[in-house]
Amino acid sequence: MKPTVAFSPPVDEESLGTLVGRRIQRLLVELEGSRVEGLYPVVMRELEKSLLETVLAHTKGEKKRAAQILGLHRNSLRVKLRACGLESAPERRRRRRGTRTPKVAKTDRS
């Protein structure tokens, strides 16, 4: 088994922050003259969705491994996936009345 390694961003001229910053600058130029409000939640939602999709693709849909890579609890990942529309809410199974399995009486073994 490979050892666990903490993530540290690569040191190069094209860091993730630089790429995102340039894209946001282009977006602001495109929107110049318009009244822009609420950019932060829109950008964060898009980034989070892209991150989740990419990590899930990398793990071939294995959510437990994706959660480990992201440093999240598996249930937290599921909540985020639902919030981003990447996973539907689980169907709750309702027990119908009268469908219980009857208990079998124990017999004495004398």
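Observations
- Any hit, segment 6-24, residues being in contact with a Cys (Cβ under 6 Å, 6 or more places away or on another chain) and not acidic (D, E): no
- Looking at L28, L72, L81, just one residue is in a loop (DSSP other than H, G, I, E, B), of a type in the set (A, V, I, L, M, F, W, C) and modelled with pLDDT of 90 or more, and that residue is L72.
- Lone qualifier among A83, A66 - being surrounded by 10 or more Cβ atoms within 10 Å (Cβ to Cβ), of a type outside the set (V, I, T) and under 29 Å from P3 (Cβ atoms): A66
- For beta carbons closer than 8 Å, sequence separation of 6+ or different chains, a first residue in segment 44-60 that is at negative phi and a second that is at pLDDT below 95 and surrounded by fewer than 13 Cβ atoms within 10 Å (Cβ to Cβ), the qualifying pairs are K49/G85.
- Residue in segment 37-54 that is farthest from the chain's Cα centre (by Cα), counting only those that are more than 16 Å from G85 (Cβ to Cβ) and either part of a helix (DSSP H, G or I) or among the polar types (S, T, N, Q) (or both): L39
The values are calculated or read from the model by the stated rules, or taken from the named source; none is laboratory data. None of the values given here were measured: they were computed from a predicted structure. Every residue, glycine as well, gets a Cβ built from its backbone with ideal geometry; the counts of neighbours run over all protein chains shown.
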